[in-house]
Amino acid sequence: MIVGIGVDLVDLARFERSVSRTPRLKERLFTAAEREKPLRSLAGRFAAKEALIKALGSSDGIRWLEIEVSNGPEGDPEFRFTGGTAERVATRGIDVVHLSMSHDGGAAIAFVVAERHSPAERAPEAEAK
């Protein structure tokens with residue numbers, strides 16, 4: 001069952017200006033691993049985190065540095081949650097968070113679908129978490 005969806009669009013030039021004006025912004029919004037990425041990729045990750053907050057319904061209990069966007073084994077983007085953010089996701093009963101990101105025409109976009117499976121649908125590894 002879909003628990004929530006979220007989408008966010010980031011203007012790349014505006015994002016770059018914000019980061020240039022406020023250099024500590026990268027430290028507040030992105031994990032150490034994420035900060036190694038180029039600005040275009042950071043804009044996509046920012047959009048992904050904003051889209052996640054929308055899919056969750058609010059930012060209560062969410063900390064930017066407890067959300068990391070990385071690439072899975074096949075290269076597809078995925079979230080990694082820690083701390084209170086991981087607890088918030090678990091409390092909502094969310095088993096899977098789907099993420100799609102793209103960059104084009106001076107913009108980065110991210111789309112998130114948060115999903116909860118019924119106990120009968122859950123994979124054995126999801127039950128062990």
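The values are calculated or read from the model by the stated rules, or taken from the named source; none is laboratory data. Computed from a predicted structure; not experimentally measured. With ideal geometry, Cβ positions are generated from the backbone for all residues, glycine too; neighbour counts draw on all protein chains shown. With ligands, DNA and RNA removed, areas are computed over all heavy atoms of the protein, side chains included. Shrake-Rupley method; radii C 1.70, N 1.55, O 1.52, S 1.80 Å.
For segment 1-128, what % of the accessible area comes from carbon and sulfur atoms, probe 1.4 Å?
Carbon-and-sulfur percentage of accessible area, whole number: 51.
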Exposed loop GluC sites (Glu not before Pro) only (DSSP loop, at most 16 other Cβ atoms within 10 Å): please give the longest stretch of the chain free of them, not including the sites.
75-120
Would you mind calculating the relative contact order of the chain from Cα pairs under 8 angstrom and at least 6 residues apart, reporting the percent as a whole number?
35 percent
Any idea what the dipole of segment 48-94 comes to, in debye rounded to 20, about its Cα centre with Lys/Arg Cβ at +1 and Asp/Glu Cβ at -1?
200 debye
Subtract the Cα-Cα distance of SER70 and LYS26 from 0.36 nm times their separation in residues, and report this length gain in nm to one decimal.
14.2 nm
Dipole magnitude of the chain, debye to nearest 20 (Cβ charges: Lys/Arg +1, Asp/Glu -1, about Cα centre):
640 debye
For the chain, what is the mean residue ellipticity at 222 nm derived from helices alone (per DSSP H run of n ≥ 4: -39500 (n - 2.57); sum divided by total residues; nearest 500 deg cm²/dmol)?
-11000 deg cm²/dmol
For GLY106, what charge total do you get from the other residues with a beta carbon under 11 Å from its beta carbon, if Lys and Arg give +1 and Asp and Glu give -1?
-1
Averaged per residue, what accessible area in Å² does the chain show with a 1.4 Å probe, protein chains only?
58 Å²
Classify segment 5-47 from the C-alpha gyration tensor, please: rounded if a/c falls under 1.5, else prolate or oblate depending on whether a/b exceeds b/c.
oblate
